[in-house]
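K.L.:
Encoded as structure tokens, here's the structure I'll be asking about.
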Amino acid sequence: KAGVTQTPRYLIKTRGQQVTLSCSPISGHRSVSWYQQTPGQGLQFLFEYFSETQRNKGNFPGRFSGRQFSNSRSEMNVSTLELGDSALYLCASSLGLAENTGELFFGEGSRLTVL
Amino acid sequence: AQKITQTQPGMFVQEKEAVTLDCTYDTSDPSYGLFWYKQPSSGEMIFLIYQGSYDQQNATEGRYSLNFQKARKSANLVISASQLGDSAMYFCAMREASGGYNKLIFGAGTRLAVHP
């Protein structure tokens with residue numbers, strides 16, 4: 001089955017602009033979570049969506065937001081971009097059920113450069 | 001305190017040899033899961049192996065095995081018969097039941113280089 005698909009793969013923005021990233025989870029997966037990866041801070045959890053509701057949120061400013069659609073596809077948005085937002089943004093999908101399983105798969109990421 | 005610690009920033013191994021990548025974790029949650037991911041230069045996080053805190057047996061997936069020592073809070077990844085394609089960053093991650101189903105806490109990673 002198809003894996004997690006993220007678009008766009010690469011993008012360049014300037015400070016002050018906003019950006020929207022998209023993630024299509026594995027078919028049947030209802031949970032989508034987002035992570036930011038930077039050389040300085042490593043991999044950090046942004047937020048998770050399950051059945052169109054934000055279920056969990058990391059420690060990021062309000063400029064970072066997201067949503068999930070009825071088909072489980074998710075978008076994340078970053079407004080008023082700062083240089084420090086340059087990062088690889090990774091999306092992960094899972095069934096999102098209560099049992100503790102290893103079913104958590106990532107996409108290839110969207111690499112954002114802010115100039 | 002760091003929740004996930006990977007003490008080896010970089011490791012070298014000869015092709016066809018086995019290598020162990022270290023990971024220690026810290027949690028008071030009785031229910032948790034431990035993951036290992038591989039990240040090649042392309043950026044994709046490739047799932048390797050998973051160990052649940054209640055699993056009695058060490059997890060294995062092909063050439064990957066997880067040496068789970070619960071009392072010592074360690075979850076080392078063992079790669080047997082290394083291949084050149086194993087050269088990548090390797091991340092250990094933990095999910096705590098209390099933290100949320102898909103909130104992973106990652107270590108800083110270990111860069112593995114496989115030499116011919």
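The values are calculated or read from the model by the stated rules, or taken from the named source; none is laboratory data. Because the structure is predicted, anything quoted here is derived from the model rather than measured. Glycine also receives a Cβ, built like all others from the backbone with ideal geometry; neighbour counts cover every protein chain displayed. Keep in mind that these areas ignore ligands, DNA and RNA; they rest on the heavy atoms of the full protein, side chains included. Shrake-Rupley method; radii C 1.70, N 1.55, O 1.52, S 1.80 Å.
K.L.:
Calculated FRET efficiency, A:L97 and A:I12, Cβ-Cβ r, R0 41 Å, to nearest 0.05?
P.N.:
Once the sixth-power term is evaluated, E becomes 0.60.
K.L.:
I would also like to ask the following. Above 14 angstrom, tally the Cα pairs of segment B:28-116 and express them as a % of all pairs, no decimals.
P.N.:
Every Cα pair in segment B:28-116 considered, those over 14 Å come to 65 percent.
K.L.:
Which percent of the accessible area of segment A:10-115 is formed by carbon and sulfur heavy atoms (probe 1.4 angstrom)?
P.N.:
Roughly 48 percent of what the probe reaches on segment A:10-115 is carbon or sulfur.
K.L.:
Is there a quick way to get the dipole size of chain B? I mean about its Cα centre, with the Cβ of Lys and Arg at +1 and of Asp and Glu at -1; what is the value in debye to the nearest 20?
P.N.:
For this selection, approximately 140 debye.
K.L.:
Can you tell me the relative contact order of segment B:15-112? Whole percent, Cα pairs under 8 Å, sequence separation 6 or more.
P.N.:
Here the relative contact order equals 34 percent.
K.L.:
Taking the solvent-accessible surface of protein heavy atoms with a 1.4 Å probe, what is the per residue accessible area of segment A:37-98 in Å²?
P.N.:
Accessible surface, normalised per residue, equals 44 Å².
K.L.:
Probe 1.4 Å, all protein chains in place: accessible area of A:R73 in Å², nearest 10?
P.N.:
A:R73 has an accessible surface of roughly 70 Å² with all protein chains in place.
K.L.:
Percent of accessible area on chain B owned by carbon and sulfur, 1.4 Å probe?
P.N.:
On chain B, the fraction of accessible area on carbon and sulfur atoms equals 50 percent.
K.L.:
If I model a spin label at B:F12 and B:Q69 as a point 7 Å from the Cα along the Cα→Cβ vector, what separation in nanometres do I get?
P.N.:
2.6
K.L.:
Which distance in nm do the two modelled labels at A:T113 and B:L84 give, with both placed 7 Å along the Cα-to-Cβ direction?
P.N.:
Label at A:T113, label at B:L84, 2.9 nm between them.
K.L.:
Taking 20 Å as the cut-off for C-alpha to C-alpha distance, list the pairs among A:K13/A:K57; B:K38/B:K103; A:K57/B:K73; A:K13/B:K38; B:K38/B:K70 that go past it.
P.N.:
Checking Cα-Cα distances, A:K13/A:K57; A:K57/B:K73; A:K13/B:K38; B:K38/B:K70 exceed 20 Å.
K.L.:
If I model a spin label as a point 7 Å beyond the Cα along the Cα-Cβ vector, how far apart are those points for B:S31 and A:S27 in nm?
P.N.:
3.1
K.L.:
Accessible surface of A:L115 in the full protein assembly, 1.4 angstrom probe, to the nearest 10 Å²?
P.N.:
Around 110 Å² of this residue is reachable by solvent.
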